[in-house]
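Undergrad: For reference, the structure I am asking about is given below.
The values are calculated or read from the model by the stated rules, or taken from the named source; none is laboratory data. Being a predicted model, the structure only gives us computed values, none of them experimental. Using ideal geometry, Cβ is built from the backbone for each residue, glycine included, and neighbour counts are taken over all protein chains shown. Just the protein is used for accessible areas: all its heavy atoms, side chains included, with ligands, DNA and RNA removed. Shrake-Rupley method; radii C 1.70, N 1.55, O 1.52, S 1.80 Å.
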Amino acid sequence: MTQPEISVVITIFNEEGNIAPLLDAVYDSLSAIDYELILVDDGSTDRSVEKMKALANERTRVLVFNKNYGQTTALAGGIDHSNGKYIVTMDGDLQNDPSDIPMLLKMVRDEDWDVVAGRRAKRKDGFVLRKLPSKIANWLIRHTTKVFLSDYGCSLRIYKAHIAQNMGLYGELHRFIPVLAKQEGARMTEVDVKHHPRVHGESKYGLSRTFKVIADLILMLFFQKYFQRPIHIFGTLGLFAFTGGVLVNIYLLVLKLMGEDIWGRPILLVGFILLLGGIQLITTGIVAEIIVRTYYESQDKKTYTVKAIFQGDKKEA
């Protein structure tokens, strides 16, 4: 089997009303391109899988997860099963438009970008529940990671295959995919893409995701700066704390030698806390270093389980 030009990975979770129009739009938009389509069902409880199997053409594979793992893991599964020279990711809610894919492919190929990210210039979402949290998250990510994109929440992107396959997607880090790609040395740009209001189904997101983004951002900053050498952060903090504890206790020792009573002074407790805290932080850094080495040298284990893979057999129109 020859390598397709692009692999299109679409994550699906309870989108039965969108399956038929989504596949029609994808097949129509990619008719002039050598492609494969990978639909990743992330544990849908409606008739999404049934509809995908019924409508899949011979270029389409359906990955059915045994339960809901989340969008990041679904993307990782689709990317793992991709064979194309370039990999396109998008949501299955029909808010992204497949007709933008040829334009993205032309840019990444002709201008030799590693990643071309979509930017929802005229976003069709509510302001309070969707746009405002997204603007806050975008500002935070942009100014803390120094990866300067306008829209980190748009799932429509195209990658060179080696970039997508080495990003290491875990947890809920799909919001930080541009940051992960940058860590792989990717040259990236962004371009305006179409965005449509949701017609079928319900959004899986709300205001609560803002807090998840902040929590993930802390993790992402650690990955970006200290993942390969955690001793640099834990060791540095530990040495500062330990040194502070030593200085406090030397000061108290001098007072004691001068005949003063130091028992019961709050600063005595501070000194011991700094000493013990410093030792614990340094020890944590050493343990983290061992874990990181184990991570890099361990087996290539996946974070998901594929229950079934279905290959479409309908001939293209």
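Undergrad: How much area per residue is accessible in the chain when the probe is 1.4 Å and only protein heavy atoms are counted (Å²)?
TA: In whole numbers, the chain has 52 Å² accessible per residue.
Undergrad: Between Lys122 and Ile262, what is 0.36 nm times their sequence separation minus the Cα-Cα distance? Round to one decimal in nm.
TA: This chain segment gains 43.7 nm when fully extended.
Undergrad: Shifting gears a bit: Tell me, what is a quarter of the convex hull surface for the C-alpha atoms of segment 1-148, in nm² with one decimal?
TA: 10.1 nm²
Undergrad: Now for a different question. Evaluate the distance, in nm, between pseudo-label points positioned 7 Å from the Cα of Leu237 and of Asp24 along their respective Cα→Cβ axes.
TA: If labels sit at Leu237 and Asp24, their model points lie 5.4 nm apart.
Undergrad: For segment 32-77, take the alpha-carbon Rg, divide it by the Kirkwood Rh, and send me Rg/Rh.
TA: Here the Rg-to-Rh quotient is 1.00.
Undergrad: Sticking with this structure for a sec: Could you give the C-alpha radius of gyration of segment 1-58 expressed as a fraction of 2.2 N^0.38 Å, taking N as the number of residues it contains?
TA: Relative to the 2.2 N^0.38 Å estimate, segment 1-58 comes out at 1.15.
Undergrad: Using a probe of 1.4 angstrom, how much of the accessible area of the chain is carbon and sulfur, in percent?
TA: Carbon and sulfur: 60 percent of the exposed surface of the chain.
Undergrad: Run lengths n ≥ 4 of DSSP H only: what is the helix-derived mean residue ellipticity at 222 nm for the chain, with -39500 (n - 2.57) per run over all residues, to the nearest 500?
TA: Dividing the helical sum by the residues of the chain leaves -14500 deg cm²/dmol.
Undergrad: Here's something else I'd like to know. Which of the peptides 217-226, 33-42 is most tightly packed, and how do the rest follow, going by the mean number of other Cβ atoms within 10 Å of each residue?
TA: The densest-packed peptide leads the list: 33-42, 217-226.
Undergrad: Also, quick follow-up: Amide H of His195 versus every other amide H placed in the peptide plane: which residues, excluding those fewer than 5 positions away on the same chain, fall under 5 Å?
TA: Result for His195 returns Lys122.
Undergrad: Toward the positive end of the charge dipole of the chain, about the Cα centre and with charges on Cβ (Lys, Arg +1; Asp, Glu -1), which of Gly264, Leu104, Leu239 goes farthest?
TA: Working it through, the farthest residue towards the positive pole turns out to be Gly264.
Undergrad: Another question, if that's okay. Extension gain Met103-Gln165, at 0.36 nm per residue separation less the Cα-Cα distance, in nm?
TA: Using 0.36 nm per residue and subtracting the Cα-Cα distance, I get 20.1 nm.
Undergrad: Taking only the alpha-carbon atoms of segment 69-196, what semi-axes of the equivalent ellipsoid follow from 5 times the gyration tensor eigenvalues under a square root, in whole Å, largest first?
TA: Computed over segment 69-196, the values are 21, 17, 15 Å.
Undergrad: Output ³J(HN,Hα) for segment 146-163: one whole-Hz value per residue in order, computed from phi by the Karplus curve 6.51 cos²θ - 1.76 cosθ + 1.60 with θ = phi - 60°, and x for Gly and Pro.
TA: 6, 9, 9, 10, 8, 9, 7, x, 7, 7, 7, 9, 10, 10, 5, 4, 5, 6
Undergrad: Determine ³J(HN,Hα), in whole Hz, for all residues of segment 5-11 in sequence, where each value follows from phi through the Karplus function 6.51 cos²θ - 1.76 cosθ + 1.60 and θ = phi - 60°; x replaces Gly and Pro.
TA: Whole-Hz 3J(HN,Hα) from phi for segment 5-11: 5, 9, 10, 9, 9, 10, 8.
Undergrad: Can you figure out the FRET efficiency of Leu140 with Asp46, using R₀ = 35 Å and their beta-carbon distance, to the nearest 0.05?
TA: The computed FRET efficiency comes out at 0.55.
Undergrad: Would you be so kind as to identify all helices of the chain, as entire DSSP H runs, whose Cα atoms reach 30 Å or more along the helix's own axis and whose mean Kyte-Doolittle hydropathy is at least -0.5?
TA: 231-257, 266-297
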